[in-house]
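**Q** Following this message is one structure expressed as structure tokens.
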Amino acid sequence: IHMTQLRSGPATTSGTPIKFREMLEQSESRLAETGCYDGITDLALKAEDPLKYESLHTRLRSTVVSARETSKRISASPGIREVGECVVGLYTPEGDSVVFSFGIMVHVHTMSRFIKWMVRNDYQDDPGIRHGDIFANNDAFIGNVQVPDVMDVTPIFYNGELIAWAGAVCHELEVGGITPGGDVYLAHERFTEGLFVCAEKIGENDKIRRDYLLRVERNLRSPLYWILDEKAKVSACLEVRGKILELVREMGVDYFKQAIKEYIEEGRRAHLERMKVQTIPGRYRGATFFGQLYKDKPGVLPMANKDELVPIPVDLTIDREGFMKLDFEGTGPWGWNANNCCEAAMEGGLFVSLTQLMDFDGKVNDGAWLATKMNLPPGTWTNPDNIMVATACSWALLLPAFGVFHRLMSRAFLARGFKEEVFVGQVNTPFFEGGGISQYGTRFGGSNFELAAGGSGARGIMDGIDSGYAGWNPE
């Protein structure tokens, strides 16, 4: 690839550098004005040549699927290689999801939040966004579900213009928290969760920085898996970048830039159409509770030493256009324990549900997100107003909350006559963590996902899956 196609300087208009933040703000403004993503009111490329349009989408998705499968063979982590706790995606310059591989579908919008966070905080100026840069994050308050979900992204430039981002996420088996493992259940505040990487530039010139790898080595009980996973993610991002540049040279940069945005608008419209076909408009309400039983348990720190029953009411409204709103008003407050969620985590719970209930055709992207809305009251466990709280075990509350959502959607399916789509909801799927002294005399920690084969709830026309189902990773 000619270096002129990879220049990292920002594209210019009449000599003035284009600000990535202004691009994002303009895109959001056009959405607000028109109701359509980036102001796209007509799918012009699809209408003009549907075969070319669909062919490019298939090739884009094949690219991220292939990159994920390749990266799995680079990582030595059993969580990645055997369980498939990873995913690869392609994003617009503004940070909106275009195509996604198989894997942990929860991260369609979490990586989007991460990229947008960097754009809004002017990373273009400091520390700079250039060809070959690698950025990482596992801070849920920036855009993530929990500490073990470590995401890497790299920008894709063509002729000096930022045209896309490639991203990958792996679930780490050990994060250096107060107890060994990834979901640090005894964490009661941020400072006990483990190693945080807060939207950091961890590499340049397609190479991970040595000082970052040293920090990992000196802060984890089992750093080997984290480091190999980082190399796996970077390899996936670089593979995606190379394939994207090949496609851009073949089909033209203008066609590519327009097409990836049309795919998102098409995703928004397709989701609304499915909702109109498969559900009945109306208001659906449900509730569940979760018991946080910490009082006088071994290892519990004073701030978390109590038992609580957390109410989780869920109110789902579907309008005549298929637009859905999820309202968590009345849910319990956040607490000094590991079970809190951030907005990004709640959006992740929504996406991993939508990809199983509605958007299962391989075209899931941020278009589906634009066809939904969630009310997450500040100060509750769904949206803590204090960044010092822990989120290491956010799935403890995510799963029962979205189990209610599954049941509400099932009512809507049944009302329309889709009995075979009825699913009573996901229960908490367990796994265990631990650590100690290895056969080499060193400290180690890890997670084992084999117990996650806990089965599913019953369905409308048959019993549930008795084993081998995990709601947070349908693959």
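**Q** Does segment 95-114 contain at least one residue that is more than 15 Å from the chain's Cα centre (by Cα) and in contact (Cβ under 8 Å) with a residue 12 or more places away in the chain? Quick ask: steps written out before the conclusion?
**A** Step one: of segment 95-114, the residues more than 15 Å from the chain's Cα centre (by Cα) are none.
Within segment 95-114, none of the residues are more than 15 Å from the chain's Cα centre (by Cα) and in contact (Cβ under 8 Å) with a residue 12 or more places away in the chain.
**Q** Then there's this: Test of understanding: among Arg30, Arg59, Arg81, which residue is basic (Lys, Arg) and touching a residue at least 24 places away in the same chain (Cβ under 8 Å)? Write out each step before concluding.
**A** Values: Arg30 fails: touching a residue at least 24 places away in the same chain (Cβ under 8 Å); Arg81 fails: touching a residue at least 24 places away in the same chain (Cβ under 8 Å).
From the options Arg30, Arg59, Arg81, the qualifying one is Arg59.
**Q** Name the single residue that is farthest from Thr41 (Cα to Cα) among those in segment 372-392 being among the hydrophobic types (A, V, I, L, M, F, W, C) and surrounded by fewer than 23 Cβ atoms within 10 Å (Cβ to Cβ). Walk me through it before giving the result.
**A** Keep residues of segment 372-392 that are among the hydrophobic types (A, V, I, L, M, F, W, C), which gives 374, 376, 381, 387-390, 392.
Filter once more, keeping what is surrounded by fewer than 23 Cβ atoms within 10 Å (Cβ to Cβ): 374, 376, 387-388.
Values: Met374: 24, Leu376: 30, Ile387: 39, Met388: 42 Å.
Selected residue: Met388.
**Q** Identify, by number, the condition in (1) surrounded by fewer than 23 Cβ atoms within 10 Å (Cβ to Cβ); (2) touching a helix residue (DSSP H, G or I) at 6+ places or on another chain (Cβ under 8 Å) that Glu204 doesn't meet.
**A** Of (1) surrounded by fewer than 23 Cβ atoms within 10 Å (Cβ to Cβ); (2) touching a helix residue (DSSP H, G or I) at 6+ places or on another chain (Cβ under 8 Å), only one is false for Glu204: (2).
**Q** Regarding segment 127-135, can at least one residue be identified that is farther than 28 Å from Val184 by Cα, open to solvent by less than 10 Å² (accessible area, probe 1.4 Å), modelled with pLDDT of 95 or more and in contact with an Asp or Glu (Cβ under 7 Å, 6 or more places away or on another chain)?
**A** yes
**Q** Limited to segment 81-107, what total is found for residues that are of a type in the set (Val, Ile, Thr) and either out of contact with any helix residue (DSSP H, G or I) (no Cβ under 6 Å at 6 or more places or on another chain) or assigned to a loop (DSSP other than H, G, I, E, B) (or both)? It would help to see each step written out before you state the result.
**A** Taking segment 81-107 and keeping what is of a type in the set (Val, Ile, Thr), we get 83, 87-88, 92, 98-99, 104, 106.
Then drop every residue that is not either out of contact with any helix residue (DSSP H, G or I) (no Cβ under 6 Å at 6 or more places or on another chain) or assigned to a loop (DSSP other than H, G, I, E, B) (or both), which leaves 83, 92, 104.
Matching residues across segment 81-107 total 3.
Results for (1) farther than 25 Å from Gly322 by Cβ; (2) not in a loop (DSSP other than H, G, I, E, B), shown as yes or no for each residue.
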site	(1), (2)
Thr382	no, no
Met388	yes, no
Leu399	yes, yes
Val404	no, yes
Ala415	no, yes
Glu420	no, yes
Gly454	yes, no
Ser467	yes, no
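**Q** Picking from Lys276, Lys201, Lys207, Lys243, which residue would you name as being under 20 Å from the mean Cα position of the chain (by Cα) and either more than 30 Å from Phe413 (Cα to Cα) or without any contact (Cβ under 8 Å) to a residue 60 or more places away in the chain (or both)? I'd like the intermediate steps shown before the answer.
**A** On the way: Lys276 fails: under 20 Å from the mean Cα position of the chain (by Cα); Lys207 fails: under 20 Å from the mean Cα position of the chain (by Cα); Lys243 fails: under 20 Å from the mean Cα position of the chain (by Cα).
Answer to the selection: Lys201.
**Q** Which one is least open to solvent (accessible area, probe 1.4 Å) among residues in segment 443-461 that are out of contact with any helix residue (DSSP H, G or I) (no Cβ under 8 Å at 6 or more places or on another chain) and modelled with pLDDT of 90 or more?
**A** Of segment 443-461, the ones out of contact with any helix residue (DSSP H, G or I) (no Cβ under 8 Å at 6 or more places or on another chain) are 443-445, 448, 450-456, 458.
Checking which are modelled with pLDDT of 90 or more leaves us with 443-445.
Numbers: Arg443: 134, Phe444: 80, Gly445: 4 Å².
Of everything passing the filter in segment 443-461, Gly445 is least open to solvent (accessible area, probe 1.4 Å).
**Q** Kindly indicate the residue of segment 71-104 that is of a type in the set (D, E, K, R) and open to solvent by 10 Å² or more (accessible area, probe 1.4 Å) and also nearest to Ala259 (Cα to Cα) among those meeting that condition.
**A** Of the residues in segment 71-104, the ones of a type in the set (D, E, K, R) are 72-73, 81-82, 85, 94, 96.
If we keep only those that are open to solvent by 10 Å² or more (accessible area, probe 1.4 Å) too, we end up with 72-73, 81-82, 96.
Details: Lys72: 29, Arg73: 31, Arg81: 33, Glu82: 35, Asp96: 13 Å.
Among those that are of a type in the set (D, E, K, R) and open to solvent by 10 Å² or more (accessible area, probe 1.4 Å), it is Asp96.
**Q** Considering segment 357-380 alone, what residues qualify as being touching a Lys or Arg at 6+ places or on another chain (Cβ under 8 Å), within 29 Å of Leu90 (Cβ to Cβ) and outside any loop (DSSP other than H, G, I, E, B)?
**A** Within segment 357-380, Gly367, Ala368, Leu370, Thr372, Lys373, Met374 meet the criteria.
**Q** Working only within segment 166-182, note down all residues that are surrounded by 24 or more Cβ atoms within 10 Å (Cβ to Cβ) and either of a type in the set (Asp, Glu) or at negative phi (or both). First the steps, then the outcome.
**A** So the first thing to find is which residues in segment 166-182 are surrounded by 24 or more Cβ atoms within 10 Å (Cβ to Cβ), and the list is 166-175, 177, 181-182.
Once the filter is applied, which keeps residues that are surrounded by 24 or more Cβ atoms within 10 Å (Cβ to Cβ) and either of a type in the set (Asp, Glu) or at negative phi (or both), segment 166-182 yields Ala166, Gly167, Ala168, Val169, Cys170, His171, Glu172, Leu173, Glu174, Val175, Gly177, Gly182.
The values are calculated or read from the model by the stated rules, or taken from the named source; none is laboratory data. The structure presented is a predicted model; accordingly, all values stated were derived computationally and were not measured. Heads up, the Cβs are rebuilt from the backbone with ideal geometry, glycines too, and the neighbour counts pull from every protein chain shown. In case anyone asks, the SASA skips ligands and DNA or RNA and just uses the protein heavy atoms, side chains included. Shrake-Rupley method; radii C 1.70, N 1.55, O 1.52, S 1.80 Å.
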